Amino acid sequence: MTRNPDDIKPSFRSDVTVELVKHTAGDSDVLWAARVSTAGEQSLDELSKDPERSKGLINYLMRDRHGSPFEHNSMTFFISAPIFVFREFMRHRVGWSYNEESGRYRELQPVFYVPDESRKLVQEGRPGKYVFVEGTQAQQELTGRVMEDSYRQAYEAYQEMLDAGVAREVARSVLPVGLYSSMYATCNARSLMHFLGLRTQHELARVPSFPQREIEMVGERMEEHWAKLMPLTYAAFNANGRVAP
């Protein structure tokens with residue numbers, strides 16, 4: 001049965017969702033991995049006898065870029081964001097695993113990204129040396145109107161093809177990268193630090209980064225979760241310029 005286009009009610013978002021689904025991650029994972037090379041297997045009690053020594057060891061590993069001890073942990077996040085964010089995300093391959101929802105196997109829902117007023121709209125300067133500045137009210141209104149109209153037309157075309165019996169994997173081709181998708185992303189602390197070094201701006205960063213704001217929003221929320229799980233590692237990351245070891 002053909003659906004009435006008037007029944008299609010796209011929804012629009014300007015935020016992202018990041019949930020910590022599961023983890024085996026703590027500062028003790030770093031300490032176990034680092035100390036096995038000199039002391040063999042140790043118990044948790046032994047590792048907690050001298051907190052200052054443990055803090056110093058993690059800072060030493062971070063400072064001198066001994067990276068492998070930071071890999072013996074795992075965090076799995078559920079992320080909902082525009083497709084263009086995921087296309088950037090998947091440039092990060094080492095230490096990451098992804099499973100994204102499939103437009104081949106399910107009908108994609110009409111949830112689309114429209115930036116809110118906090119999103120800087122205007123790019124000034126040449127490639128490699130540019131900044132983003134606030135847009136005018138007129139630009140903000142134009143962006144919202146044009147994006148919403150475009151999304152509605154694209155989704156109507158998508159449903160028209162589905163109603164005609166066209167396969168989902170073919171019909172999805174008309175949908176824009178502003179469509180929201182979802183995925184599970186699993187990483188370790190070392191791979192997450194590398195991601196944060198590139199995809200967030202921070203006053204403590206030794207190396208400048210120029211991330212697109214939407215992927216930075218995801219990074220900021222992942223960082224909030226990680227900071228609670230591994231506070232000593234997180235503090236050492238910041239103290240040493242936010243450079244992944």
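Just name the residue that is farthest from A25 (Cα to Cα) out of those in the range 70-90 that are in a loop (DSSP other than H, G, I, E, B) and at pLDDT 95 or above.
Quick first cut of the range 70-90, residues in a loop (DSSP other than H, G, I, E, B) only: 72-73, 90.
Pick out the ones that are also at pLDDT 95 or above and you get 72-73.
Numbers: H72: 8, N73: 5 Å.
By that ranking, first place goes to H72.
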Quiz prompt | Which listed residue, of R126, R119, is loosely packed, with under 13 Cβ neighbours inside 10 Å and basic (K, R) | solution = R126
Practice problem: Enumerate the pairs (first residue in the range 223-245 and more than 14 Å from N73 (Cβ to Cβ); second residue anywhere and in a loop (DSSP other than H, G, I, E, B)) with beta-carbon separation below 6 Å, excluding pairs fewer than 6 apart on the same chain, so at least 6 apart or on different chains. | Solution: N238/L204; G241/R206; R242/H202; R242/L204; R242/A205; V243/R206
Exercise. Filter the range 55-69 down to residues that are charged (D, E, K, R) and assigned to a helix (DSSP H, G or I) and give me whichever is farthest from L232 (Cα to Cα).
Key: R63
Quiz item: Looking at (1) modelled with pLDDT under 95; (2) under 18 Å from the mean Cα position of the chain (by Cα), which is the only condition E224 fails?
Solution: (1)
Exercise. Kindly provide the set of residues from the range 130-169 that are among the hydrophobic types (A, V, I, L, M, F, W, C) and either surrounded by 12 or more Cβ atoms within 10 Å (Cβ to Cβ) or in contact with a Pro (Cβ under 7 Å, 6 or more places away or on another chain) (or both), ordered by number.
Key: F132, L142, M147, A154, A157, M161, L162, V166
Practice problem: State whether one or more residues within the range 157-175 are farther than 20 Å from S102 by Cα and of a type in the set (S, T, N, Q). | Solution: no
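The values are calculated or read from the model by the stated rules, or taken from the named source; none is laboratory data. Because the structure is a prediction, the values reported are computed rather than measured. Because the Cβ atoms are built from the backbone with ideal geometry, glycine has one as well, and the counts that use them run over all protein chains shown.
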